[in-house]
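A short write-up of the structure that comes next.
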Amino acid sequence: MSKGSNLGVIPVRRFVALVAFACVAAALFCNLAYSQDDELSRDEAAVVKARVQKIRGLKLKRDVPVTYLSVAETEARFTAQFAKQVSQEEIDTGVEENKMIGLFPPDLKIERKELADMTLELAGFYDDHHKDIVIIDRPITVELPERYRNAITEMRKLDTMGTLGHELTHALQDQYFDIEAALKKYKGNSDRELAYKAIVEGDATLSGFSVVIGRVDDETIDYFDSHLQDIVPVFMGRMEGKPRAMTYPFIFQYTEGARFVAEAYHRGKWAGVNALFTGPPLSTQQIMHPELYFDHPTPALTVKLAGYEKVLHDWKKIDEDTLGELMLKIMLERTMGEDTPYVEASTKWAGDRIVALQKGKSLTLLWMIIFRSAGDADNFAQLYSGILDKVLPGTTARKIDRLGPAVFAMIGDGAIRYREYLPEVWKQSTIDGTQIGSYQSPVTRQQAQPRQTSLQPQAAPTPTTEAPRTIQAD
């Protein structure tokens, strides 16, 4: 697990990025607890280092120290940094934003101390600041019969080897591909950032597994890939009580990331994996649907949301981000049920941009979502209207509008003034640099007129014209 990993991604990055420290573990070895008996000898650690470099075909440019720290020492290492990066106010704001768009349940509360205390569950990590690997030393508290001790110790040493192999792969990535610099480029686009982290963790996960078994080839990669999903219910079980939008993006990096990297390995061996770092996937959509990267390259559309600033000049922009298909899917599952057929709507995602505005204690969210066709956008607009009706108090202003393949959702007090800025939003907002009103979907290439949807019952449109349907915003 790289120290820079994160669990959730939206919409307040400074909050969710810290949940990385709150994960239950590193890589796929999340149920481990280490004791001093599990420490690798210098020779054993040297074998792991040599094996990782041989497997990945990359030589360490500089040695990477391996440190075993107690739980208390690990806590001390992170506490000060955690305190500097997030406040309870920022956490509360982030939670509220996620509630407003349907990602978090309405009764959720998260305390700053709760996030900090969860750091004690880490198994190990590569620290890209200190440039070392830390494995957390946890004494075994259960008394083991003498006849089992040697076998248990040897098994746990294999686990330690896997963790060390995983983290050494992160060190190689850091030295060859400058992961930290790459991630900085994606700030402000959590979807793209999560896609990049998926190849970082997917690579290290496959490499760590290969270290343990001592070989790597298509057959072993396929075997590992076929069992990846087995760890999801285990991980999610340990995270019971935490919202899926906060926990699943973390495990996604390892499971879906490893599956995606495995595809690159099958196509080009480790050279193909290395190529992912110079030409990375640009969305979680490409991770979830590898053919959109390897066979039919389909990058996310770049959405610029503008035109509201003059009217809402007394509101302060506190965040701007891109959510992506994964988070859209999680929102639909949370609000409509995990087995809902409506989740299909998320696969039609083509790009989005969300802006969070604040005035005093009031929040307004403006969310522009682009779909593959005008029909897909219309279907989602109707669906999301019902979702907002379920998740928002009746007094919360909201407005949904649709033009061509774009759906524009406005939530919060700023939605009350939508009539004043909506025309300018459609005029100034763009898709890949093209004004939305002029953009033609490559799927349908059909002309579309603005259409408004509502959470309130409306009269049916006449046969000759489609009546605009508006949301009660005041």
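Each value in this text was obtained by applying a stated rule to the coordinates, not by laboratory testing. Every value quoted in this text rests on a predicted model; they were computed, and no experiment measured them. Here Cβ is always computed from backbone atoms with ideal geometry, including for glycine, and neighbour counts include all displayed protein chains.
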Can you give me the long-range amide H partners of residue 103? Hydrogens built in the peptide plane at 1.01 Å from N, cutoff under 5 Å, separation of 5 or more residues or another chain. none
What FRET efficiency, computed as 1/(1 + (r/R0)^6) with R0 = 56 Å and r the Cβ-Cβ distance, is obtained for residue 269 and residue 89, rounded to the nearest 0.05? 0.70
Which of the peptides 314-325, 209-220 is most tightly packed, and how do the rest follow, going by the mean number of other Cβ atoms within 10 Å of each residue? 314-325, 209-220
Between residue 60 and residue 428, the two model label points (7 Å from Cα along the beta-carbon direction) sit apart by a distance in nm of 5.3
Between residue 67 and residue 107, what length in nm is gained on full extension when 0.36 nm per residue of separation is reduced by their alpha carbon distance? 10.3 nm
Per residue of segment 310-321, in order, report the coupling 6.51 cos²θ - 1.76 cosθ + 1.60 (Karplus, θ = phi - 60°) as ³J(HN,Hα) in whole Hz, putting x for Gly and Pro. 5, 5, 9, 5, 8, 9, 9, 6, 9, 6, 8, 7
What FRET efficiency comes out for residue 419 versus residue 440 if R0 is 35 angstrom and r is the Cβ-Cβ distance? Round to the nearest 0.05. 0.85
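Sorted by mean Cβ packing within 10 Å, highest first, what order do the peptides 176-188, 258-270 take?
258-270, 176-188
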Exceeding the 26 Å Cα-Cα cut-off - candidates 242/317; 197/348; 316/399: 242/317
When the Karplus curve 6.51 cos²θ - 1.76 cosθ + 1.60 is applied with θ = phi - 60°, which whole-Hz ³J(HN,Hα) does each residue of segment 254-271 get, with x for Gly and Pro? 8, 6, 5, x, 5, 5, 5, 5, 4, 5, 5, 5, 4, 7, x, 6, 5, 5
For residue 302, distant residues with modelled amide H under 5 Å away: 432
Considering the zone a paramagnetic label at residue 176 would reach in this model (a point 7 Å from Cα along the Cα-to-Cβ line), which residues of segment 254-298 have amide N under 16 Å from it? 261-262, 264-280
In order through segment 405-412: 3J(HN,Hα) via Karplus (6.51 cos²θ - 1.76 cosθ + 1.60), integer Hz, x for Gly, Pro: x, 9, 10, 10, 9, 10, 10, x
Non-local amide H neighbours of residue 403 (under 5 Å, H modeled in plane, Pro and chain starts lacking H): which ones? 408, 451
Taking 0.36 nm per intervening residue step and subtracting the Cα-Cα distance, what contour gain separates residue 42 from residue 390 on full extension? 119.5 nm
Classify segment 280-391: rounded, prolate or oblate, from the alpha-carbon gyration tensor (a ≥ b ≥ c, eigenvalue square roots; a/c under 1.5 rounded; otherwise prolate if a/b is larger than b/c)? oblate
With a ≥ b ≥ c taken as the square roots of the eigenvalues of the C-alpha gyration tensor of segment 172-302, please select rounded if a/c is under 1.5 and otherwise prolate if a/b is larger than b/c or oblate if it is not? rounded
